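Peer 1: Below is a structure I'd like to ask you about.
The values are calculated or read from the model by the stated rules, or taken from the named source; none is laboratory data. Quick caveat, the model's predicted, so the values are computed rather than measured. Because the Cβ atoms are built from the backbone with ideal geometry, glycine has one as well, and the counts that use them run over all protein chains shown. Quick note on the areas: whole protein, heavy atoms, side chains included, nothing else; ligands and nucleic acids left out. Shrake-Rupley method; radii C 1.70, N 1.55, O 1.52, S 1.80 Å.
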Amino acid sequence: MQRLQTILRTFYEIHCIELSPLQGGWAALAYKVVDHNSRYFLKVYEKSRASTAKWTAHIDDYVAILLWLKEQTALRHNIPVPIVTKDGAYQCEDEEGIYLLYEFIEGETIGERNLTQAQAIQLSEILAQLHKYTASDLVNADKLQEDFDVAFLQSLQDILHLHAYSLPDDIKTIIRPMSEQLDRMIEQTTMLSNALKNEKRKMSLCHMDIHHWNLMQTDQHLILIDWEGLKLAPVEADFMSLINKPYYMDFLQVYQSVHKDFSIHPDALQFYQYRRKLEDIWEFTEQLLYDHQSEKEREATLRALGNELDELPSMLEK
């Protein structure tokens, strides 16, 4: 905790009187910061984690776009933007981590709950607004252009085949029974990737990770958090986890009132669903192989990996 207090004092001139851990997300740890006047949310990306480089590579690029969205569009109440350091930077770092600081959001994460009809409508309004913006509206957005990359699949295939017998027993026990399904999904995802690379799909600003744990409700607004994946992409990237929700038809009706000619592109939707599933499987496997985890953390990661693998047969049958 002393190290984090030093970061806050050095880069933000915040002298915190309380620093307490919160439930973090996939990519980072989280802390509530209290000083004499305000409360903040500190996001900590540990450099020791294999996934940190991926999640922090484009912080300056995506935060610049978030600032533009907050200042220039109707999304000002729905987007959290990092507080700049005393030197005007969007992030700071030391030898152990990379840090982003936000104003503390007084609200609740939706989490395991379903959206109400009003919340589903507001989410639809948020995405309908976000998807209006394309490369022509933005400056220097080329680094955030979707390229349908699936290079990580080679690492996953190596685990399945070249290194299968050298895996730790606990990983091997979970992965090997699903190797056939994994191979099928990898093959289909690679084919979809190649096909989409050759199509001229419209690219819009997309959050890329829409789910209920990335939604917070305040007294007045629904807020979409965790924008590390922000890209210019086909909008199916933001529909991949919504299409089977009970509120989807209400959501779609509102969305189509803004984007009147919209219809789902089945191949793009399947690509994003498959790629996300395989990314999750690879990143859990990567954590187990390369990150230093306590016994409790390793058990939780193994359960999460098992849950992801269990969903493969039903996805492939659709």
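For (1) under 13 Å from LEU100 (Cβ atoms); (2) touching a residue at least 12 places away in the same chain (Cβ under 8 Å); (3) touching a strand residue (DSSP E or B) at 6+ places or on another chain (Cβ under 9 Å), each residue gets a yes or a no:
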position	(1), (2), (3)
GLY25	yes, yes, yes
LYS32	no, yes, yes
ASP61	no, yes, no
TRP68	no, yes, no
ARG76	no, no, no
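Peer 1: Take the residues in the stretch 141-166 that are assigned to a loop (DSSP other than H, G, I, E, B) and over 25 Å from SER204 (Cβ atoms); name whichever of them is modelled with the highest pLDDT.
Peer 2: HIS161
Peer 1: Would you mind listing the helices (runs of 4 or more DSSP H) fully within the stretch 22-140 where at least 3 residues are closer than 25 Å to TRP282 by Cα and open to solvent by 20 Å² or more (accessible area, probe 1.4 Å)?
Peer 2: Here the list reads 52-56.
Peer 1: Further question: Scan the stretch 148-169 residue by residue and report those that are surrounded by 19 or more Cβ atoms within 10 Å (Cβ to Cβ) and closer than 30 Å to LEU215 by Cβ.
Peer 2: Selection gives PHE148, VAL150, LEU153, LEU156.
Peer 1: For residues that are touching a residue at least 40 places away in the same chain (Cβ under 8 Å) and either of a type in the set (A, V, I, L, M, F, W, C) or in contact with a helix residue (DSSP H, G or I) (Cβ under 6 Å, 6 or more places away or on another chain) (or both), tally how many sit in the stretch 1-13.
Peer 2: Residues in the stretch 1-13 being touching a residue at least 40 places away in the same chain (Cβ under 8 Å) and either of a type in the set (A, V, I, L, M, F, W, C) or in contact with a helix residue (DSSP H, G or I) (Cβ under 6 Å, 6 or more places away or on another chain) (or both): 4 in total.
Peer 1: So, one more: Got a sec? Which of LYS200, LYS172 is loosely packed, with under 14 Cβ neighbours inside 10 Å and either assigned to a loop (DSSP other than H, G, I, E, B) or among the basic types (Lys, Arg) (or both)?
Peer 2: LYS200
Peer 1: Considering only residues that are open to solvent by less than 10 Å² (accessible area, probe 1.4 Å) and over 14 Å from the mean Cα position of the chain (by Cα), which ones fall in the stretch 210-232?
Peer 2: Listed by number, the residues that qualify are LEU222, LEU232.
Peer 1: I've got another one for you. Can you find a residue in the stretch 48-62 that is of a type outside the set (Ser, Thr, Tyr), touching an Asp or Glu at 6+ places or on another chain (Cβ under 7 Å) and either at pLDDT 95 or above or closer than 17 Å to TRP227 by Cβ (or both)?
Peer 2: yes
Peer 1: Quick one: GLN145 ticks every box in (1) free of Cβ contacts under 8 Å to residues at least 40 places away in the same chain; (2) within 20 Å of the chain's Cα centre (by Cα); (3) open to solvent by 70 Å² or more (accessible area, probe 1.4 Å) except a single one, so which number is it?
Peer 2: So GLN145 meets the others, but not (1).
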